[in-house]
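The values are calculated or read from the model by the stated rules, or taken from the named source; none is laboratory data. This one's a predicted model, so the numbers in the text were calculated from it and none came from an experiment. For neighbour counting, all protein chains shown are included, and Cβ atoms are generated from backbone atoms with ideal geometry for every residue, glycine included. Heavy atoms of the whole protein, side chains included, go into the accessibility calculation; ligands, DNA and RNA do not. Shrake-Rupley method; radii C 1.70, N 1.55, O 1.52, S 1.80 Å.
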Amino acid sequence: MSTVNSKLSLRDVGRALEAFVLLGIARMLVLLLSFRYVAPLLGSETGEGRRQISPSAVTVVRLAISRSHHRTPWTSNCLAQSLAATWMLKRRGCATTTYLGVRRDANNQIIAHSWTMTGDMFVTGKRAHERFTVTKVFHVNK
């Protein structure tokens, strides 16, 4: 249980450690493998990620990833965060939908972004997601 001076409980530390490790695995996979091998880890391109969700599980995973991704010695970009969130939520019995999108920046360069949701709740990548055109959607129906 968290105290007023914001110390983390042992459970919170465990979840942050889980997120840290999964972010590392996800980053390694993104760096070493072609996207065609990474994509199936986000789920299926058919079906829907609709299913009973647990708001508390979503909050737990969102906080764990938020606490951990800034502390990794590697870049835990949006795709690594989406992978970690998908795996963590699947373990907790929650369906997920991960969106991949693109847009052009001021220099006309293509920028990609991913974000993961369960139901109508954002888990990762919420900031600026609306500026991207969705190109792929992946579903995990636990």
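Could you run through the stretch 68-78 and say how many residues are in contact with a helix residue (DSSP H, G or I) (Cβ under 6 Å, 6 or more places away or on another chain) and either surrounded by 24 or more Cβ atoms within 10 Å (Cβ to Cβ) or not in a helix (DSSP H, G or I) (or both)?
The total comes to 3.
Within the set of pairs 6+ apart or on separate chains, which have a first residue in the stretch 21-43 that is within 14 Å of residue 86 (Cα to Cα), a second that is open to solvent by 70 Å² or more (accessible area, probe 1.4 Å) and part of a helix (DSSP H, G or I), and C-beta atoms under 9 Å apart?
Every condition considered, the pairs that remain are 43/90.
State which residue pairs qualify: first residue within 18 Å of residue 118 (Cα to Cα) and in contact (Cβ under 8 Å) with a residue 60 or more places away in the chain and inside the stretch 128-140, second residue polar (S, T, N, Q) and open to solvent by 40 Å² or more (accessible area, probe 1.4 Å) in any location, beta carbons under 7 Å apart, and separation of 6 or more residues or different chains.
Hits for this filter: 138/44; 139/44.
Would you confirm whether any residue within the stretch 93-108 is assigned to a loop (DSSP other than H, G, I, E, B), open to solvent by 30 Å² or more (accessible area, probe 1.4 Å) and of a type in the set (Ser, Thr, Tyr)?
Looking through the stretch 93-108, none of the residues is assigned to a loop (DSSP other than H, G, I, E, B), open to solvent by 30 Å² or more (accessible area, probe 1.4 Å) and of a type in the set (Ser, Thr, Tyr).
So which of 31, 83 ends up being part of a helix (DSSP H, G or I) and either surrounded by fewer than 22 Cβ atoms within 10 Å (Cβ to Cβ) or in contact with a His (Cβ under 6 Å, 6 or more places away or on another chain) (or both)?
Every option except 31 fails the conditions.
Using the structure shown, decide if residue 61 is in contact (Cβ under 8 Å) with a residue 60 or more places away in the chain, in contact with a Lys or Arg (Cβ under 6 Å, 6 or more places away or on another chain) and farther than 13 Å from residue 138 by Cα.
So residue 61 fails the test.
Inside the stretch 109-132, can you point out the residues that are part of a strand (DSSP E or B) and open to solvent by 90 Å² or more (accessible area, probe 1.4 Å)?
Selection gives 110 alone.
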